[in-house]
1. Is there a residue being surrounded by 20 or more Cβ atoms within 10 Å (Cβ to Cβ), touching a residue at least 24 places away in the same chain (Cβ under 8 Å), touching a Pro at 6+ places or on another chain (Cβ under 9 Å) and of a type outside the set (F, W, Y) anywhere in the range 91-108?
2. Can you say whether L40 is touching a residue at least 40 places away in the same chain (Cβ under 8 Å), under 16 Å from the mean Cα position of the chain (by Cα) and not assigned by TED's automatic domain parsing to the domain that holds D131, as far as the supplied structure shows?
3. Which of (1) within 15 Å of Q29 (Cβ to Cβ); (2) exposed (fewer than 14 other Cβ atoms within 10 Å of the Cβ); (3) polar (S, T, N, Q) is the odd one out, the single condition T73 does not satisfy?
4. Please go through the range 15-36 and pick out each residue that is charged (D, E, K, R) and not in a loop (DSSP other than H, G, I, E, B).
5. Looking at E87, E60, which one is over 13 Å from the mean Cα position of the chain (by Cα) and either modelled with pLDDT of 95 or more or within 18 Å of A121 (Cα to Cα) (or both)?
6. Just checking, which of S65, S117, S93, S130 is at pLDDT 95 or above and either outside the structural domain of R31 (by TED's automatic domain parsing) or among the polar types (S, T, N, Q) (or both)?
7. Taking the condition in the same structural domain as V17 (by TED's automatic domain parsing) and of a type outside the set (D, E), does A109 pass?
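The values are calculated or read from the model by the stated rules, or taken from the named source; none is laboratory data. The structure displayed is predicted, hence computed values, not measured ones. Heads up, the Cβs are rebuilt from the backbone with ideal geometry, glycines too, and the neighbour counts pull from every protein chain shown.
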Amino acid sequence: MSSPAKGDPVTDTATIVDQYLLALYVAQQRRSPPIPSGDLADRLDKSPAATTEMCQRLDEKGLISYEPYDGATLTAEGRSRADDLHERYVTLSWFFRDVLGLDDHETAAMRLAGSVSPDIAARLAFLLLSDDAPTAAESPP
């Protein structure tokens, strides 16, 4: 398997940071923080060591508060950034589920949310909410 190309929007550092912030945001919607780094590792399909390292980096940048063995919590700055990402994530998740019929729509949406501009997400949301929007049953295989 070939490695991702340099400049690949899904593997750029900023997008990876966005994936962690979004995963933490979604986890905090489902349970009280702090969120254990192992839960983030599972959600992002990353190794525990890589997740711990990224949590430490995000803590240094002020985007999360991270305590080893306790877990991570979004700071106000991290939450603000994650709020913006969450709207794109929800739109992409709807699209992947309802139009493309993907089973793992949440993971796909999480990987791409930071790569999609707010304008594209807004246009996609408009398409999804229109009466003429295609569904997974109407999409080609």
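1. No, the range 91-108 contains no residue that is surrounded by 20 or more Cβ atoms within 10 Å (Cβ to Cβ), touching a residue at least 24 places away in the same chain (Cβ under 8 Å), touching a Pro at 6+ places or on another chain (Cβ under 9 Å) and of a type outside the set (F, W, Y).
2. Values: touching a residue at least 40 places away in the same chain (Cβ under 8 Å): no; under 16 Å from the mean Cα position of the chain (by Cα): yes; not assigned by TED's automatic domain parsing to the domain that holds D131: yes.
Judged against the criteria, L40 is not a match.
3. The one condition T73 does not meet is (2).
4. Step one: filter the range 15-36 for residues charged (D, E, K, R), giving 18, 30-31.
Once the filter is applied, which keeps residues that are charged (D, E, K, R) and not in a loop (DSSP other than H, G, I, E, B), the range 15-36 yields D18, R30.
5. Numbers: E87 fails: over 13 Å from the mean Cα position of the chain (by Cα).
Selected residue: E60, the only one of E87, E60 that is over 13 Å from the mean Cα position of the chain (by Cα) and either modelled with pLDDT of 95 or more or within 18 Å of A121 (Cα to Cα) (or both).
6. Numbers: S117 fails: at pLDDT 95 or above; S93 fails: at pLDDT 95 or above; S130 fails: at pLDDT 95 or above.
Only one candidate qualifies: S65.
7. Values: in the same structural domain as V17 (by TED's automatic domain parsing): no; of a type outside the set (D, E): yes.
So A109 does not fit the description; no.
Here's the yes/no breakdown for (1) charged (D, E, K, R); (2) within 18 Å of L22 (Cβ to Cβ); (3) assigned to a helix (DSSP H, G or I):
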residue	(1), (2), (3)
D39	yes, yes, yes
C55	no, yes, yes
G62	no, yes, no
E77	yes, yes, yes
E87	yes, yes, yes
D98	yes, no, yes
D103	yes, no, no
T107	no, yes, yes
